[in-house]
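The values are calculated or read from the model by the stated rules, or taken from the named source; none is laboratory data. Predicted, not measured: the structure shown is a model, and the values here were computed from it. Cβ atoms come from the backbone with ideal geometry, glycine included; neighbour counts cover every protein chain shown.
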Amino acid sequence: SHITGGGLIENLPRMFGDELQARLDYASWDKPAIFEYLSDLGELEQADCLETFNLGIGLVLAVAPQNVPAVKDLLQQAAEPFYEIGELVKRPENAAKIEIDF
């Protein structure tokens, strides 16, 4: 998923069905300093920043677990920086499509 307006909160659910939930680890990727500055300036909560900005994530790949090593290898060979920011799991009943571990 290409992360554009709407940030991670609005864009990630567009790439998978209602039966799945994205579980993200907020500490798993480096956030550019500009986002901390904007957050402080606008007195924004982390969740608001995730909904408004991409916080440094420009593209998200959803990869089957058995393919993760090969995809990581290809990204490393191409000198593309990447982070494993979470996982897709079966969505619990009445749960949000995204859960973020702050």
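Sub-7 Å Cβ pairs linking a first residue in the stretch 89-102 that is at pLDDT below 95 to a second residue that is of a type in the set (Ser, Thr, Tyr), at least 6 apart or interchain, are Ile100/Tyr26; Asp101/Tyr26; Phe102/Tyr26, ordered by first then second residue. Against the definition (small (Gly, Ala, Ser) and surrounded by fewer than 14 Cβ atoms within 10 Å (Cβ to Cβ)), how does Ala62 come out, yes or no? So Ala62 fits the description; yes. If I ask for residues that are assigned to a strand (DSSP E or B) and at pLDDT below 95, which ones from the stretch 46-88 would you list? Answer for the stretch 46-88, where residues must be assigned to a strand (DSSP E or B) and at pLDDT below 95: just Leu59.
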